[in-house]
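So the structure is just underneath, and the comments pick up after that.
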Amino acid sequence: MEFALDQTFFAFVGLLLFLALVVYLKVPGMMAKSLDDRADQIRNELAEAKRLREEAQHLLAEYQRKRKEAEAEAAHIVATAGREAEMLTAEAKAKTEEFVANRTAVSEQKIKLAETDAIKAVRSAAVDLAIAAAETVLAKKATAKVQSDLFKTAVGDVKSRLN
């Protein structure tokens, strides 16, 4: 068998030298170490992602709980405001009715007072007219002695009423 030193042989020798150099320089160990480091890094990233996901779920649950509480509080506030508005409306209506009743009563009192004053004025005018008419009649028909007697009688009546 004869060794042919052709290109295939030199390529094979170059491959063997390359593989020997790779093994001598511990490239497979470095590659394995690099792959292990990369796997550890991926594992750590996955653990961190899982932790962040759990934290995000916890925050989501907390915010949903807070949102529900806020909605319940808002509903309570709206209900309270509605009740207060109804109470204020009823109170305003009652005060308005009371005000109208008071104003009506005051107006009725003023009307009664005006009626009383008008009746007094009419009576006073009637008395004044009757007195004037009586004076005229007495002045025309009465003599001086009758007038003097009437005057004395009237003065006596006034004095008796004062005492």
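The values are calculated or read from the model by the stated rules, or taken from the named source; none is laboratory data. All values derive from a computational prediction rather than experimental measurement. These accessible areas exclude ligands, DNA and RNA; they are computed on the full protein's heavy atoms, side chains included. Shrake-Rupley method; radii C 1.70, N 1.55, O 1.52, S 1.80 Å.
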Checklist outcome for this item: By the Kirkwood definition, with r running over pairs of different Cα atoms, segment 22-142 has a hydrodynamic radius in Å of 25.7
Checklist entry - Ordered by residue, what ³J(HN,Hα) values in Hz, to whole numbers, does segment 114-129 give under the Karplus form 6.51 cos²θ - 1.76 cosθ + 1.60, where θ = phi - 60° and Gly and Pro are x? => result 5, 5, 4, 4, 5, 4, 4, 5, 5, 4, 4, 5, 5, 5, 4, 5
Checklist outcome for this item: Where a ≥ b ≥ c are root eigenvalues of the Cα gyration tensor, a/c under 1.5 meaning rounded, otherwise prolate if a/b exceeds b/c and oblate otherwise, segment 92-163 counts as oblate
Item to check | Helix 144-162 axis, angle to the chain major axis (alpha carbon atoms, nearest 10°) | outcome: 40
Item to check | the chain: calculated mean residue ellipticity at 222 nm from DSSP helix runs of at least 4, using -39500 (n - 2.57) | outcome: -35000 deg cm²/dmol
Checklist entry - Once the Cα atoms of helix 7-24 and of the chain are each reduced to a long axis, what angle between those two axes, in degrees from 0 to 90 to the nearest 10, is obtained? => result 60
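Sorted by accessible area (1.4 Å probe), largest first, how do Arg161, Arg103 line up?
Descending accessible area places them as Arg161, Arg103.
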